Amino acid sequence: MSLAVARPARDARRLLHPRILLADALAEAFPDARGVDLLDPAGVRDALTANGSLDPLVPLVPAGDDVSPAVLRDIAVRAITALVFPEIPPETPKVTNARTDTGRFWPIVRGTLQEPAWSQTKAKTAEARTRLWSAAVAQLFLYRGNILSALGFFGVPETAKAAGQDPRSLKALFLRAEAGDATAWAALVQRMAPALIHAPQPFITPGQGSEAGDGRKGVRRTPQSALAALTLAYTASSAPDISRALLLAFAKAVLEHPDAMKPPEAEDGTPLICYGEQHWVEDRTPITAGMVIAPDTEGRPTNYVADKAWFDETFPVELGRPAPAAAGSTANSSTAAGTSTDAAATTAHGVPVADPRDLLATLRRELPARVELVEGGYQQAVDSAHTLMTDFEEAHRVRVQLGEDALPAEQRIEWMEKLTKVRAAAQASMATLEQVEALILQV
């Protein structure tokens, strides 16, 4: 909605002030924000239109998370996405002499973007909105790639029903992905997408190549194909050379590269070269600030700079395509179940049982992140309990000062019963944590 909520339609003027609408829209997009009520609308407008620093977005950072340039840029991209693809109820069926209500944000979107009703949303409208989103996001980066590289990221469903962003912070997504959460990795890929486009060595470019002549023009690869391959690499069994350590190291480097002040350097001091130019002798691309070192399967930096050649080789087009089912696989599997001596090596659904050594290695790799997640959850619960106590103390002080009567007994009993259940759950969890402490000595 023009990011600054500019020029609202005539109907919107009878609703709320645009600044209030902006705060409400961002409050819905950032449920864990530390203080949406502290936002400066003018500062937010300048931050999202590259006319000022990103500091006015600090109130949108979740409590407990560090404020860094990468976090603020992620907040800015999420805010732009929430404003360009807002969650607006669809139009209700038209009734004679009845007002059509499409939500309080709809008049602003319609008056600013000059779009038809939601019932008439087509692919052309979705593409125009995606171009607007891509151009707005590009202003947040020093290296600005082709804004057409984002075509396909959003379609008609997002235009009509909102983008449906994952509300978790970058810190939470990294921990969840390290702990084995595939949905967290998929959300991280969406957060990485702008940085993959606007980089010194772009990893995602507009659709190139030719499906009819791969040898002459290169393999056909659309931006959607690149994102799909990167997303599915987290769980793809057909990519043994891709580890979670590699994925997480690449994601962290990509999200932080726009803030690099000097060119990357190899740990052993050898000169870095772009991965696609390792067989070149002359005219190599100079290594500049913001380039990303390609990680190995252990997540350690190599002596190559990650470029599109590395990306396309590591995350090929085939990763983004569904694996074809083998003919007669269902019948063969059911027949073999009764005759093969290895039947015990599969589950009831025909899925091979994981090797115990691989399972142990995976758990040992994921458990540190899971411990940190539990620690963060308990800290949040402690902070919430302290805030609740402070609020009740303040309510008691004000009531005594004013000489007001106490709340009805029914209300007080209801609250006490709820807190009793919470305390019982907390005590039960303490017993569980004591068991975990004992098990740590045995892992």
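Could you check, for segment 259-278, whether at least one of its residues is exposed (fewer than 12 other Cβ atoms within 10 Å of the Cβ), out of contact with any Cys (no Cβ under 9 Å at 6 or more places or on another chain), at pLDDT 85 or above and of a type in the set (Val, Ile, Thr)? For segment 259-278, residues exposed (fewer than 12 other Cβ atoms within 10 Å of the Cβ), out of contact with any Cys (no Cβ under 9 Å at 6 or more places or on another chain), at pLDDT 85 or above and of a type in the set (Val, Ile, Thr): present.
Pairing residues of segment 266-278 that are closer than 13 Å to Phe311 by Cα with residues that are among the small types (Gly, Ala, Ser) and at pLDDT 90 or above, at Cβ distances under 8 Å and at least 6 apart in sequence or on separate chains, gives Cys274/Ala309; Tyr275/Ala294; Tyr275/Ala306; Tyr275/Ala309; Gly276/Ala309. Exactly one residue out of Ala369, Ala337 is open to solvent by less than 90 Å² (accessible area, probe 1.4 Å), in contact with a Ser or Thr (Cβ under 8 Å, 6 or more places away or on another chain), part of a helix (DSSP H, G or I) and at pLDDT below 70, and it is Ala337. One residue stands out among those in segment 279-308 that are of a type in the set (A, V, I, L, M) and at pLDDT 90 or above: the one that is surrounded by the fewest Cβ atoms within 10 Å (Cβ to Cβ), which is Ala289. Note on segment 132-171: among residues that are in a helix (DSSP H, G or I) and of a type in the set (S, T, N, Q), the one that is modelled with the lowest pLDDT is Thr159. Scanning segment 294-311 for residues that are over 12 Å from Pro200 (Cα atoms) and touching a strand residue (DSSP E or B) at 6+ places or on another chain (Cβ under 7 Å) gives Ala294, Pro295, Asp296, Pro301, Thr302, Tyr304, Trp310.
Scanning segment 202-222 for residues that are out of contact with any Phe, Trp or Tyr (no Cβ under 7 Å at 6 or more places or on another chain) and at pLDDT 75 or above yields a count of 6. Can you find a residue that is modelled with pLDDT under 90, surrounded by fewer than 18 Cβ atoms within 10 Å (Cβ to Cβ) and not in a loop (DSSP other than H, G, I, E, B) anywhere in segment 317-328? So far as segment 317-328 goes, yes, one or more of its residues are modelled with pLDDT under 90, surrounded by fewer than 18 Cβ atoms within 10 Å (Cβ to Cβ) and not in a loop (DSSP other than H, G, I, E, B).
The values are calculated or read from the model by the stated rules, or taken from the named source; none is laboratory data. Computed from a predicted model, the values in this text were never measured in an experiment. Glycine gets a Cβ as well: all are built from the backbone with ideal geometry, and neighbour counts include every protein chain shown. Accessible surface is based on the protein model in full, side chains and every heavy atom, while ligands, DNA and RNA are left aside. Shrake-Rupley method; radii C 1.70, N 1.55, O 1.52, S 1.80 Å.
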